[in-house]
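Input: a single structure, listed below in structure tokens.
The values are calculated or read from the model by the stated rules, or taken from the named source; none is laboratory data. What you see is a predicted model, and the numbers here were worked out from it, not measured in a lab. No Cβ is skipped: glycine too gets one built from the backbone with ideal geometry, and neighbour counts run over all protein chains shown. Ligands, DNA and RNA are excluded from the accessible area calculation, which covers all protein heavy atoms including side chains. Shrake-Rupley method; radii C 1.70, N 1.55, O 1.52, S 1.80 Å.
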Amino acid sequence: MDYLHLQNGSDIRGVALAGVEHQPVTLTEQASCDIGRGFALWLQERLGAGRPVRVSVGRDSRLSGEALAGWICSAMAREGLLVTDFGMASTPAMFMSTVTEGYCFDAAVMITASHLPFHRNGFKFFTRDGGLEKADITSILTLAASDRHTGLPAGTVEAGTFMDAYAGLL
């Protein structure tokens, strides 16, 4: 399956809810799971397989956010990542979860579509170096379209919190 149509510069964006005429859902469960697998593969290529990779996930208040979070978290855990789902969060907070002492996640995912209409949503990705670039997103989507897997034992998904710690930084 080709997912490059979901790329919007350095983000992934798509239709996440049905109901708007002539706009079929493109950010499906399958697409979200494949994108999670693609991100896990991308992280393995960048970070190596010498230790468990920790990823935080947050979302805004969009109606589709909870489902998208569940799908991408589960997919990344199936590929061996240790995933912490922060639930409601902000985009700056997700980046800060990668650099804040006591957290220092290897990477983060924010589920948001900023100013787009209610039925759209998407994924933003971060490492300690900042937000991913357009070429990184192209790589993730290309890996998502492949049949590759990390081959690692399953990881975990756990609930966590970060917004109080983030607010304390402000």
Scope region 142-165; condition surrounded by 15 or more Cβ atoms within 10 Å (Cβ to Cβ), part of a loop (DSSP other than H, G, I, E, B) and either aromatic (Phe, Trp, Tyr) or over 17 Å from the mean Cα position of the chain (by Cα) (or both); matching residues: Leu152, Phe162
Just checking: which of the strands (runs of 3 or more DSSP E) contained wholly in region 1-106 hold 1 or more residues that are at pLDDT below 95 and surrounded by 19 or more Cβ atoms within 10 Å (Cβ to Cβ)? none
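Being assigned to a strand (DSSP E or B) and of a type in the set (S, T, N, Q) is the filter; apply it to region 107-128 and report the residue that is nearest to Ala16 (Cα to Cα). Explain how you work it out, then say what you get.
Filtering region 107-128 for residues assigned to a strand (DSSP E or B) gives 107-111, 120-127.
Now drop any that are not of a type in the set (S, T, N, Q), which leaves 121, 127.
Numbers: Asn121: 6, Thr127: 25 Å.
Filtering first and then ranking leaves Asn121.
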Lone qualifier among Gly80, Gly58 - being at positive phi and touching a residue at least 24 places away in the same chain (Cβ under 8 Å): Gly80
Residue that is nearest to Leu68 (Cα to Cα), among those in region 101-121 that are in contact with a helix residue (DSSP H, G or I) (Cβ under 7 Å, 6 or more places away or on another chain) and of a type in the set (A, V, I, L, M, F, W, C): Ile111
Identify, by number, the condition in (1) more than 14 Å from Gly122 (Cβ to Cβ); (2) in contact (Cβ under 8 Å) with a residue 60 or more places away in the chain that Phe39 doesn't meet. (1)
Kindly list the number of the only condition in (1) touching a Lys or Arg at 6+ places or on another chain (Cβ under 6 Å); (2) farther than 13 Å from Phe123 by Cα that fails for Asp11. (2)
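Polar (S, T, N, Q), under 29 Å from Thr100 (Cβ atoms) and open to solvent by 30 Å² or more (accessible area, probe 1.4 Å): does that describe Ser139? Steps first, please.
Working: polar (S, T, N, Q): yes; under 29 Å from Thr100 (Cβ atoms): yes; open to solvent by 30 Å² or more (accessible area, probe 1.4 Å): yes.
Here the answer is yes, as Ser139 does meet what is asked.
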Pairs where the first residue, in region 152-168, is within 15 Å of Ile72 (Cβ to Cβ) and the second is assigned to a loop (DSSP other than H, G, I, E, B), C-beta under 6 Å, 6+ apart: Gly155/Gly80; Gly155/Leu81
